[in-house]
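Only the coordinates and a few stated rules stand behind these numbers; no lab work does. Quick caveat: nothing in here was measured; it's all calculated off a predicted structure. Here the Cβ positions follow ideal geometry from the backbone for every residue, glycine too, while neighbour counts run over all protein chains shown.
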Amino acid sequence: MSAKLTCVEIPASSNPLYSIIWLHGLGADGHDFESIVPELRIDNLEHINFIFPNAPVQAVTINGGMEMRSWYDILEASLDREVAVDDIYQSSALLEQIIQGEIDKGIKAENILLAGFSQGGVIALHTGLRFAQKLAGIMALSTYMPTTEQLKTERAVSNNDTPIFMAHGTMDPVVYPQIAKQSFKRLQEMDYPISWHEYPMQHSLCLEEIIDISHFINRVF
């Protein structure tokens with residue numbers, strides 16, 4: 001995996017006080033969610049840095065070993081999806097570098113929000129709940145968490161109360177809703193302040209969800 005991630009960035013137009021680091025899904029890139037920024041109804045929009053990292057390019061087993069942007073390898077397309085957990089830890093370390101980069105620019109850790117779609121959501125959850133400093137929140141979109149078992153011993157006390165927004169399409173054929181709901185329940189059982197939102201859609205985003213995302217960002221910032 002690469003030593004450092006490249007990113008698509010939309011810097012704050014005024015004094016930067018907050019950062020949103022938003023991770024794309026399998027085979028996409030940092031431009032994937034760039035167009036969502038004007039659609040968000042956020043109070044402090046001019047003070048927010050948006051960072052959209054590009055995942056490393058690597059072979060993906062379920063796609064016949066084809067190389068594409070991927071946060072981790074998916075080894076089989078079963079309901080539970082066997083994944084390369086080592087890759088998740090490596091991508092998480094790369095995301096931590098980006099978070100630290102924002103802190104070094106003067107953004108407080110508690111003003112940094114992690115967001116991720118599908119594979120990106122896995123990395124956002126995995127990283128955010130283990131991060132040593134308190135973060136603003138985590139948005140986990142059309143995703144699940146394959147590392148909840150490891151989290152039991154690896155969770156960071158600093159993010160025990162970090163709000164988590166979990167959203168999913170009821171007709172998602174890629175990450176099945178029941179798998180996502182299972183992760184939600186496990187995190188709930190671990191006493192995280194997590195909310196569940198579902199929409200009549202497939203593996204995507206919809207307008208109603210974007211409005212709910214805007215409310216969540218306004219609440220945590």
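General observations
- R0 of 45 Å, Cβ-Cβ distance residue 93-residue 43: FRET efficiency to nearest 0.05: 0.85
- Stretchable slack from residue 219 to residue 198, in nm (0.36 nm times residue separation minus alpha-carbon distance): 5.6 nm
- Net charge of Cβ neighbours under 10 Å - reference residue 52; Lys, Arg +1; Asp, Glu -1: -4
- Counting only DSSP beta bridges with both residues in the stretch 7-220, the antiparallel share comes to about 25 percent.
- Cα centroids of the stretch 144-214 and the stretch 28-82: 16 Å apart.
- Whether the stretch 153-221 is rounded, prolate or oblate, judged on the alpha carbon gyration tensor where a/c under 1.5 counts as rounded: oblate
- Gain on full stretching of the segment that runs from residue 104 to residue 17 - 0.36 nm per residue minus C-alpha separation: 30.1 nm
- Taking the number of Cβ atoms within 10 Å of each Cβ as an exposure proxy, the fewest-first ranking of 118, 19 is 118, 19.
- Using a Förster distance of 30 Å, the FRET efficiency for residue 152-residue 62 (Cβ separation, nearest 0.05): 0.60
- Counting lysine pairs in the chain whose alpha carbons fall under 21 angstrom apart, excluding pairs fewer than 8 residues apart on the same chain, gives 6.
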